[in-house]
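Peer 1: Below you'll find the structure I mean.
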Amino acid sequence: MENFEIVVGKVNYRQRIIDRNQSFMLGSSTYKYNTKQLVLTESSMKILSNFKHASDDNLNLVYDEILEKVNESFELYDKNGFRKKLNNNIDKFRKLPCKSIFEKNKLISVGKCEILFQILNGLHANATMGDLKGIGFSTPFGFMQDASGIKLNKDSMLLYQSPTGLFERKVKLSDL
């Protein structure tokens, strides 16, 4: 066993932490939950809110925008290769039908709309995960576990917020 030092006596469940460029909260000593909120353009929101009438091209544009935002600022999703898989499976997404296809109440093919909503679930700023088996994911999207425990660097910060979020205090681990 390595030498270690306890710098914080108690860390709360869902404690918000910023480690390098990753913002997350603790689900346990091994689970991280995303705390970054995805913000889409108004045009993408209109497409998603009226998804029953969305065209194939419009759904592809929404996927492209989500991919751009994930690549830009969701480094936490490098865990389990999520960002890489979203990029690598773009062709699988483009080949899907717009809506899921059922035959006798059995799912035959998942649709682009369902995949987009599952991606949004996995990117949501909470513990929700998405099912992206339809485009080749084996691990639930957003499932971020470090089996050996979450390791933080000395520059990591604990964020303490009031229930309203109006007041915030940041404590750097190296200052403790």
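The values are calculated or read from the model by the stated rules, or taken from the named source; none is laboratory data. Every value quoted in this text rests on a predicted model; they were computed, and no experiment measured them. Please note: Cβ atoms are built from the backbone with ideal geometry, for glycine as well, and neighbour counts cover all protein chains shown. Each accessible area value is taken on the protein alone, full model and side chains, heavy atoms only, with ligands, DNA and RNA left out. Shrake-Rupley method; radii C 1.70, N 1.55, O 1.52, S 1.80 Å.
Peer 1: Return one number: the angle in degrees, 0 to 90 and rounded to the nearest 10, between the long axis of the Cα atoms of helix 56-73 and the longest principal axis of the Cα atoms of the chain.
Peer 2: Approximately 10 degrees, to the nearest 10.
Peer 1: Another question, then. To test your reading of the geometry: what angle, between 0 and 90 degrees and rounded to tens, separates the Cα axis of helix 112-123 from the longest principal axis of the chain?
Peer 2: Helix 112-123 sits roughly 0 degrees off the main axis of the chain.
Peer 1: Can I ask one more? Just order 88-95, 112-119, 133-140 by mean Cβ neighbour count inside 10 Å, highest at the front, would you?
Peer 2: 112-119, 133-140, 88-95
Peer 1: Using 1/(1 + (r/R0)^6) with R0 = 25 angstrom and r between the beta carbons of Ile90 and Met45, what's the FRET efficiency to the nearest 0.05?
Peer 2: Given R0 = 25 Å and the Cβ-Cβ separation, E is 0.75.
Peer 1: Here's another thing I want to ask about it. Select from Asn153, Asn121, Asn58 the residue whose mean-square fluctuation is largest in a Gaussian network model of the chain (Cα-Cα springs shorter than 10 Å).
Peer 2: Result for the chain, Cα springs under 10 Å: Asn153 fluctuates most.
Peer 1: Considering Cα pairs under 8 angstrom that are at least six residues apart, work out the relative contact order of segment 96-175 and quote it in whole percent.
Peer 2: Contact order relative to length: 16 percent.
Peer 1: Further, regarding this structure: Just Ser156, Ser73, Ser49 to compare: in a GNM of the chain, with alpha carbon springs under 10 Å, which one fluctuates most?
Peer 2: Ser49
Peer 1: Taking the Cα centroid of segment 71-141 and of segment 1-54, what is the distance between the two, rounded to the nearest whole Å?
Peer 2: Centre-to-centre (Cα) distance: 18 Å.
Peer 1: Something else now. Between Thr164 and Asp146, with labels modelled 7 Å along Cα→Cβ, what's the label distance in nm to one decimal, could you check?
Peer 2: 3.4
Peer 1: Report the percentage of all Cα-Cα pairs in segment 1-131 whose separation exceeds 23 Å, rounded to a whole percent.
Peer 2: Roughly 43 percent, once rounded to a whole number.
Peer 1: Which pairs break 32 Å Cα to Cα here: Lys79/Lys170; Lys106/Lys151; Lys46/Lys170; Lys10/Lys84; Lys92/Lys172; Lys32/Lys106?
Peer 2: As for pairs spanning more than 32 Å Cα to Cα, those are Lys106/Lys151; Lys46/Lys170; Lys10/Lys84; Lys92/Lys172; Lys32/Lys106.
Peer 1: Further question: Determine the share of segment 10-92's accessible area contributed by carbon and sulfur atoms, expressed in whole percent, with a 1.4 angstrom probe.
Peer 2: 49
Peer 1: Still on this structure: To the nearest 0.05, how large is the calculated FRET efficiency for Phe102 and Thr30 if R₀ is 35 Å and r is the Cβ-Cβ distance?
Peer 2: After rounding, the FRET efficiency stands at 0.40.
Peer 1: Which whole-number percentage describes the relative contact order of the chain, with Cα contacts under 8 Å and a sequence gap of 6 or more?
Peer 2: On the way: 251 pairs, mean separation 44.9, N = 176.
Contact order relative to length: 25 percent.
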